[in-house]
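A.B. asks: Okay, handing you the structure first.
The values are calculated or read from the model by the stated rules, or taken from the named source; none is laboratory data. This is a predicted model, so every value here is computed, not measured. Note that each Cβ is placed from the backbone with ideal geometry, even for glycine, and that neighbours are counted across all protein chains shown. Areas reflect the complete protein model, heavy atoms only, side chains present, ligands, DNA and RNA absent. Shrake-Rupley method; radii C 1.70, N 1.55, O 1.52, S 1.80 Å.
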Amino acid sequence: MALRWISYVKYLVMKQKCFTFLLVFIIYSVLNQSLFRFMEGFLPMDVCHLPKGFQLKPGNHVDNSLDLWTRTDVQTCTQWKAPIIWDGIFNPIYYDEMYKKQNIVIGLTVFAVGKYLDLFLEGFLVSADEHFMPGFSVIYYVFVDDLPKLEEMKLGGRRKIKSFEIEKHKRWQDISMFRMKAISKLIENHIKHEANYVFCFDVDQRFEGRFGTEALSESVALLHAWYYRRPKYWYTYDSNPHSAAYMSTKGDFYYHAAVFGGTWQSVKNLTESCSQGIMQDKQKNVEAVWHDESHLNKYFWLHKPTKVLSPEYCWDQKIGWRRDIHVFRLLWAKKQYSLSRQID
């Protein structure tokens, strides 16, 4: 009897030690952000449940060449059968060959306002010349609040640049939300007459690797680099029922507004919807928690994207090493908020 009691006490002591160790580890991980982010990379993702050889699109569509089953470490398709593009699942040569037959033109929109014009625009466009849709006709649509300064920069790459002057705003949040309305108007007045597809980017980024035709689709969203491994209850959707961006339930993914695109028709629908939601909020004196990104997430929850880009297509190196990120295609620039968010 005594031996059993001693064994039970030892068990309780061991259990207490394990619990204490686990508690200390959790607290240390939370306090030590680098370790926390590293451990976060081991959280499991869902997997693609489509049977091997499943045809994503009817006929001889180029997306049917995707090997969704070669990457077992990440989720390569959505529940609504849209592909999630990761390194290793596509053949870039085949994609380029198929799209060259269509003689397509791709538009790229970017806003460089205030200090963002001085700090980021030139590096962004120079890197885009090299890595964004290489070998294809691309038109840059650049929005600035200081055209003379843009002209002084003499940005002359091998691609056409169309510049547009926009009014100055007092807050960077207003600039961020204004772009949805501006892009919608741009599509109506220019892009729909000049390009087949359009991608919209934040300017405080730089291309580091191929961002090519494998990204093209009718409607394209991007997995947010900081959220793609996190449980859904950590997603920061808008929780204010008075906002047009409010989501009463958890969505599919958390998408990053730094990159989105698709055919001009789809992007026009998205930007018009987000702009209308932002205007409705203004009338109620409400502002979504993450501004235009909150409205974008609401839109993609209601209107599922036909293709999703992995975080390779917009990575933040502050996250640290991740075993599933094999290549950097677009990187966040080092943030200088004290300078970049100054409004002259």
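A.B. asks: Looking at segment 106-147 only, could you name the residues that are buried (at least 20 other Cβ atoms within 10 Å of the Cβ) and assigned to a helix (DSSP H, G or I)?
C.D. replies: Going through segment 106-147, the residues buried (at least 20 other Cβ atoms within 10 Å of the Cβ) turn out to be 106-114, 116-117, 120-121, 124-125, 128, 132-133, 138, 140-145.
Answer for segment 106-147, where residues must be buried (at least 20 other Cβ atoms within 10 Å of the Cβ) and assigned to a helix (DSSP H, G or I): TYR116, LEU117, LEU121, PHE124, LEU125, ALA128.
A.B. asks: Now, a different point. Quick check on my filter: what residues within segment 235-252 are touching a Phe, Trp or Tyr at 6+ places or on another chain (Cβ under 7 Å) and among the hydrophobic types (A, V, I, L, M, F, W, C)?
C.D. replies: If the condition is that a residue be touching a Phe, Trp or Tyr at 6+ places or on another chain (Cβ under 7 Å) and among the hydrophobic types (A, V, I, L, M, F, W, C), then MET247 is the only one that fits.
A.B. asks: Also: For segment 197-218, give me the residue count where each residue is in a loop (DSSP other than H, G, I, E, B) and touching a strand residue (DSSP E or B) at 6+ places or on another chain (Cβ under 6 Å).
C.D. replies: Quick first cut of segment 197-218, residues in a loop (DSSP other than H, G, I, E, B) only: 202-204, 208-210, 212, 216-218.
Then keep just the ones that are touching a strand residue (DSSP E or B) at 6+ places or on another chain (Cβ under 6 Å); that gives 203, 208, 216-218.
Here the count works out to 5.
A.B. asks: Please determine, by comparing only the residues of segment 89-105 that are in contact (Cβ under 8 Å) with a residue 24 or more places away in the chain and assigned to a helix (DSSP H, G or I), which one is farthest from VAL74 (Cα to Cα).
C.D. replies: LYS100
A.B. asks: Next question. Just checking, how many residues over segment 169-189 are open to solvent by 20 Å² or more (accessible area, probe 1.4 Å), modelled with pLDDT of 75 or more and within 20 Å of LYS115 (Cα to Cα)? So that I can check it myself, show each step before the final result.
C.D. replies: Filtering segment 169-189 down to residues open to solvent by 20 Å² or more (accessible area, probe 1.4 Å) leaves 169-176, 178, 181, 185, 188-189.
From what is left, the residues that are modelled with pLDDT of 75 or more are 178, 181, 185, 188-189.
Filter once more, so that each one left must be within 20 Å of LYS115 (Cα to Cα): 178.
The total comes to 1.
A.B. asks: Among the residues of segment 57-90, which ones are more than 22 Å from the chain's Cα centre (by Cα) and either closer than 22 Å to ASN196 by Cα or among the small types (Gly, Ala, Ser) (or both)?
C.D. replies: Across segment 57-90, the qualifying residues are LYS57, PRO58, GLY59, ASN60, HIS61, VAL62, ASN64, SER65.
A.B. asks: Sticking with this one: Residues being in contact with a strand residue (DSSP E or B) (Cβ under 9 Å, 6 or more places away or on another chain) and either outside any strand (DSSP E or B) or surrounded by 23 or more Cβ atoms within 10 Å (Cβ to Cβ) (or both): count how many of those fall in segment 328-338.
C.D. replies: Qualifying residue count for the region: 4.
A.B. asks: Something else about it: Which of (1) open to solvent by less than 10 Å² (accessible area, probe 1.4 Å); (2) polar (S, T, N, Q); (3) out of contact with any Asp or Glu (no Cβ under 7 Å at 6 or more places or on another chain) is the odd one out, the single condition THR213 does not satisfy?
C.D. replies: The number of the failed condition is (3).
A.B. asks: Given the structure, is LYS307 touching a strand residue (DSSP E or B) at 6+ places or on another chain (Cβ under 6 Å) and modelled with pLDDT of 95 or more?
C.D. replies: Details: touching a strand residue (DSSP E or B) at 6+ places or on another chain (Cβ under 6 Å): yes; modelled with pLDDT of 95 or more: yes.
Spelling it out, LYS307 is indeed touching a strand residue (DSSP E or B) at 6+ places or on another chain (Cβ under 6 Å) and modelled with pLDDT of 95 or more.
A.B. asks: Let me confirm something: among THR70, THR76, which residue is polar (S, T, N, Q) and buried (at least 21 other Cβ atoms within 10 Å of the Cβ)? Quick ask: steps written out before the conclusion?
C.D. replies: Working: THR70 fails: buried (at least 21 other Cβ atoms within 10 Å of the Cβ).
Of the residues listed, the single one that is polar (S, T, N, Q) and buried (at least 21 other Cβ atoms within 10 Å of the Cβ) is THR76.
A.B. asks: Let me ask you something else. Inside segment 284-319, can you point out the residues that are among the aromatic types (Phe, Trp, Tyr) and under 16 Å from ILE84 (Cβ atoms)?
C.D. replies: In the first step, residues of segment 284-319 are kept if they are among the aromatic types (Phe, Trp, Tyr); the result is 290, 299-301, 313, 315.
PHE300, TYR313, TRP315, listed by residue number.
A.B. asks: Ok, one more. Assess whether ILE84 counts as being closer than 21 Å to GLU312 by Cβ and not in a loop (DSSP other than H, G, I, E, B).
C.D. replies: Numbers: closer than 21 Å to GLU312 by Cβ: yes; not in a loop (DSSP other than H, G, I, E, B): yes.
In short, yes.
A.B. asks: Could you identify the single residue in PRO92, PRO51, PRO83 that is at pLDDT 75 or above, closer than 30 Å to LYS181 by Cα and either open to solvent by less than 90 Å² (accessible area, probe 1.4 Å) or touching a strand residue (DSSP E or B) at 6+ places or on another chain (Cβ under 6 Å) (or both)?
C.D. replies: Details: PRO92 fails: closer than 30 Å to LYS181 by Cα; PRO51 fails: closer than 30 Å to LYS181 by Cα.
Answer to the selection: PRO83.
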